[in-house]
Amino acid sequence: MKKITRLTAMAIVIGLTAPSCKKYEEGPGLSFRSKKARMAGEWSLSNMTTTSTSTNSNGDVTTVTITTTDGATVTKKTDYTPDGGTTSSATVNGTITQTLTTEKDGTYKSTTTTKYTWVEPILGIDVTTEETTVSDETGTWNFTGGIGDEKNKEKMILVPATRTQTTTTVTTPEGGSANTTTNVDSETVTGESSILLIKLLKNKESHFTIESSNASSNSYTSGSSTSSSNSSWSTTGDINFIQK
């Protein structure tokens, strides 16, 4: 009788503490930590494939595919298609690190560092270029609510507020001296967001598919003439993070 009572009490505790929300596609099957508690923390990139496509006002299309299988080495393939023209492609290899820190108060910070190296002939001389880019972004995050067929907390939304990108380029001609340039771009971000579909959310491992898009329109006036430009971009991909 005592054994039955203990088992009954245990079943009641599990029933009261087990999450009532539905499971993610890849798990976990059961967790005693809330989704927010599991999401909060510092995440490091494990592997990723993303494809970003941008179109400028002339109709020129640029597609960039970034792939890393280990969260350290990375390949970037760029396809450029001028409006009505022929596509040209270029591939460079390098290194990547990325961290995403999500706080329980709904704020986040991400830092991505990439370094690409390539060699190209310029006026008959091989020139080696090393390009290092550090991108820092801050903003807010939250789970989405269930609307229609969408499950509650099935997706996470990132809304950036600030972004700073520092790019250092070192060019070295064969037999010559290195030349270093640094460019810093800082901006306050408005009207932009990324939606991440959560496939897996464990205590130390997460898996997302990403889908985001944006469009901008600008006009310029000089004297009595006004010109305008329009551009759009979209990103899709598959991203895995781990907590150490």
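Once the Cβ-Cβ distance of Ser88 and Thr167 is raised to the sixth power relative to R0 = 25 Å, the FRET efficiency obtained is 0.65. With the whole protein complex present, Lys199 retains an accessible surface near 30 Å², based on a 1.4 Å probe.
The solvent-accessible area of Thr172, taken with every protein chain present and a 1.4 Å probe, is close to 50 Å².
Between 0 and 90 degrees, the angle of helix 2-17 with respect to the longest Cα principal axis of the chain falls at about 30 degrees.
Accessible area of Tyr80 (1.4 Å probe, protein heavy atoms only, ligands and nucleic acids ignored): about 90 Å². Averaging the sequence gap over all C-alpha pairs within less than 8 Å and six or more residues apart, then dividing by the number of residues, gives segment 95-244 a relative contact order of 15 percent.
Near Lys151, no amide H atom lies under 5 Å from its own; only residues 5 or more places off or on other chains count, and H is placed 1.01 Å from N.
Taking all protein chains into account, the per residue accessible area for the chain stands at 60 Å² (1.4 Å probe). At R0 = 22 Å, how high is the FRET efficiency between Thr65 and Ser225 if r is their beta carbon distance? Nearest 0.05 is fine. It comes to 0.05. Leaving out ligands, DNA and RNA, what percent of the accessible area of segment 18-111 is carbon and sulfur, probe 1.4 Å? Accessible surface attributable to carbon and sulfur in segment 18-111 totals 50 percent.
For the residues Asp60, Asp126, a 1.4 Å probe over the protein chains yields an accessible-area ranking, largest first, of Asp126, Asp60.
Residue by residue, segment 94-105 carries 3J(HN,Hα) couplings of x, 10, 8, 9, 8, 10, 10, 10, 10, 9, 5, 7 Hz when phi is fed to the Karplus relation 6.51 cos²θ - 1.76 cosθ + 1.60 (θ = phi - 60°); x denotes Gly or Pro. Compared with the alpha-carbon gap, the fully stretched path from Thr107 to Ile195 is longer by 30.1 nm at 0.36 nm per residue.
Residue ranking by accessible heavy-atom surface, 1.4 Å probe, largest first, among Asp238, Asp79 comes out as Asp238, Asp79. Using the Stokes-Einstein relation with a Kirkwood hydrodynamic radius computed over Cα pairs, the translational diffusion coefficient of segment 61-211 at 10 °C and a viscosity of 1.306 mPa s comes to 87 µm²/s.
Here the gap between Thr51 and Val127, fully extended at 0.36 nm per residue and compared with their Cα-Cα distance, gives a gain of 24.5 nm. Computed over protein heavy atoms with a 1.4 Å probe, the carbon and sulfur contribution to the accessible area of segment 129-244 reaches 46%. Close amide H partners of Thr140, meaning residues 5 or more places away or on another chain with modelled amide H under 5 Å apart, are Tyr108, Val159, Ala161.
The values are calculated or read from the model by the stated rules, or taken from the named source; none is laboratory data. The structure presented is a predicted model; accordingly, all values stated were derived computationally and were not measured. Note: ideal-geometry Cβ built from the backbone for every residue, glycine included; neighbour counts use all protein chains shown. The accessibility values were calculated without ligands, DNA or RNA, using every heavy atom of the protein model including side chains. Shrake-Rupley method; radii C 1.70, N 1.55, O 1.52, S 1.80 Å.
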